[in-house]
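Notes follow the structure.
Please treat every number below as a calculation from the coordinates, not as lab data. All of these numbers come straight from a predicted model, not from anything done at the bench. Virtual Cβ from ideal backbone geometry, glycine too; neighbours counted across all protein chains shown.
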Amino acid sequence: MFSNARPLVRLLLGALALGLAAVLLVPASAQADTGSLKDKKGDAAKSIDITAVRFNNGTKTISGKFSVNDLGKSGIFTAVWLPPDLDGNYYGVALMKKSGKFKAVLSKITSTGGKVVKCKGVKGNWSTKASAVTFSVPQKCLGTVPKSWIFGGGSTSVTGKQADNVDGTVEISRG
């Protein structure tokens, strides 16, 4: 799928660990349709240094925005969300290659393995001007949709040598 999948695999494994940790860290009570996570500025290379993430658990779409210290021209940003019952984790992956080619991908990892989920409407945007990476995924791409999702995320350089994860997770319910 990608010419250099090693950094993506490393990020997905890290995000999987984040997702599993979320079960222990997130309180049972749900929150509103949107939620935010702050991350310490300066804890990673500026080009991938996440300062905040905002997630939206809409009735038709899940979306998110990574705010970055000084977004570079390449990198990998991964939003992870999982249902509270742990029926697998979903990953929205935004990849900007050094060549300038951008790709937004949805994948799912379960206890039996992982796969790319092919679905119309998976979108992403990489804006160095706004220093932000955004993504959106139609809820219909996620199979049986729970009312509540647990969100987290992270970033890595294309080489996989540098990374940043948001501090914590947030549970967001609709309605």
## Note on the structure
Expected sort for 104-111, 151-158, 116-123 on mean C-beta neighbours within 10 Å, highest first, is 151-158, 104-111, 116-123
### Task
Give K65/K103; K40/K101; K38/K108; K46/K120; K40/K60 a once-over and call out the pairs whose C-alpha atoms are over 27 Å from each other.
K40/K101; K46/K120; K40/K60
### Message
Can you tally the net charge around G64? Count Lys and Arg as +1, Asp and Glu as -1, for every other residue whose Cβ sits under 12 Å from the Cβ of G64.
### Response
+3
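Please report the net charge: other residues with Cβ closer than 15 Å to the Cβ of G42, K and R +1, D and E -1.
Details: positive: K38, K40, K41, K46; negative: D39, D43, D49, D70, D164, D167.
Counting the neighbours of G42, the net charge comes to -2.
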